[in-house]
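The values are calculated or read from the model by the stated rules, or taken from the named source; none is laboratory data. Nothing here was measured: the structure is a model prediction, and the numbers come from that model. Heads up, the Cβs are rebuilt from the backbone with ideal geometry, glycines too, and the neighbour counts pull from every protein chain shown.
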Amino acid sequence: MAVNFPYLDISNCNASVKVAQNGAQIFGFDRVGEPPVIWVSPEAIYKKGFPLRGGIPICWPWFGPHPEDEKKPQHGFARIMSWELEDFSDSDKGVTLSSFSLSESEDTLRLWPYRFRLTLSVEVSKALTIRLNTKNTDDRPFEITQALHAYFFVGDIQDVEIEGLDGHYYVDKVKGGEEARQDGSLFITSETDRIYRHTGSCRLIDRRFGRVIVIDKKGSGSTVVWNPWQEKARQMADFPDDGFRNMVCIEAANVLEDRVRLEPGQEFTLEKRIEVDSL
Ligand code: TA6
């Protein structure tokens, strides 16, 4: 890891989690004696002001390219700004709470002309629960799209099944935004980049690791599933050529027509809970 890349290392009897000051990005969730839950690229760039490949980047206040200006950073600016540590508390029952915040600055106002307060709460027990709260501190309403863009570590992508999306409609970005309906479980066998209209949970069944990762969420009407597969992986400088075999992103999001509009003073929380069970 690079020097000058501050992060908080949270550890209790249940698990350990790393949160970078850059982007309040979680880049490790490990449970004692088990393979990592979260994938982090071995070629990730640990540098302030740059997105870190893997972990749980926070995409905010827009998801994907900026709708009007593609020169603005992809997935917004929250993941490349420096956040403040607000609170930290530890219980003897193996639960650790911490929170981080980001508010407007000259840099953010240049990219997005609103005042805001963004808070990420991180709860580490046997499970990892993260809550991203947006408060509109401006005197005008604003709209956001967002995602908790979690990269999960899997034993072998060809042996993975994702349950919970059956019957849900999705926008297929690999097929130019074509709409389709999920039939049964999702198996990843090629490049996948989909936005599901979906509010429920997902179960990531990993037979190699003999475990299931249960992903619950609140405040989210969209679930994004992404795996770049071989060709796209080769095109990314911070992604190993064969890295696609060991990861899949399942993201709690608010995108497309599921945007969040906040009046002055209003707030909204997007929550994601990650739990691991054996098969
Ligand atoms: O969440 C899926 C996605 O929007 C994909 O389209 C893909 O480009 C990915 O995010 C990664 O984006 P990044 O800007 O981190 O390279």
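So the values come out like this:
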item	result
Filter result (farther than 26 Å from residue 126 by Cβ, touching a residue at least 24 places away in the same chain (Cβ under 8 Å) and more than 21 Å from the chain's Cα centre (by Cα)) within the stretch 1-27	2, 4
Selection count, the stretch 129-163, where residues are within 16 Å of the ligand (Cβ to nearest atom) and closer than 17 Å to residue 109 by Cβ	1
Residue satisfying all of: in the stretch 51-67; crowded, with 16+ Cβ neighbours inside 10 Å and without any contact (Cβ under 8 Å) to a residue 60 or more places away in the chain; farthest from the ligand (Cβ to nearest atom) among these	66
Number of the condition not met by residue 70 [criteria: (1) in contact (Cβ under 8 Å) with a residue 24 or more places away in the chain; (2) assigned to a loop (DSSP other than H, G, I, E, B)]	(1)
Criterion violated by residue 78 - all others in (1) at pLDDT 95 or above; (2) out of contact with any Cys (no Cβ under 8 Å at 6 or more places or on another chain); (3) hydrophobic (A, V, I, L, M, F, W, C) satisfied	(2)
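Here is a yes/no grid of residues against (1) farther than 28 Å from residue 171 by Cα; (2) out of contact with any helix residue (DSSP H, G or I) (no Cβ under 7 Å at 6 or more places or on another chain):
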position: 21; (1), (2): yes, yes
position: 30; (1), (2): yes, yes
position: 33; (1), (2): yes, yes
position: 44; (1), (2): yes, yes
position: 47; (1), (2): yes, yes
position: 51; (1), (2): no, no
position: 58; (1), (2): no, no
position: 70; (1), (2): no, yes
position: 100; (1), (2): yes, yes
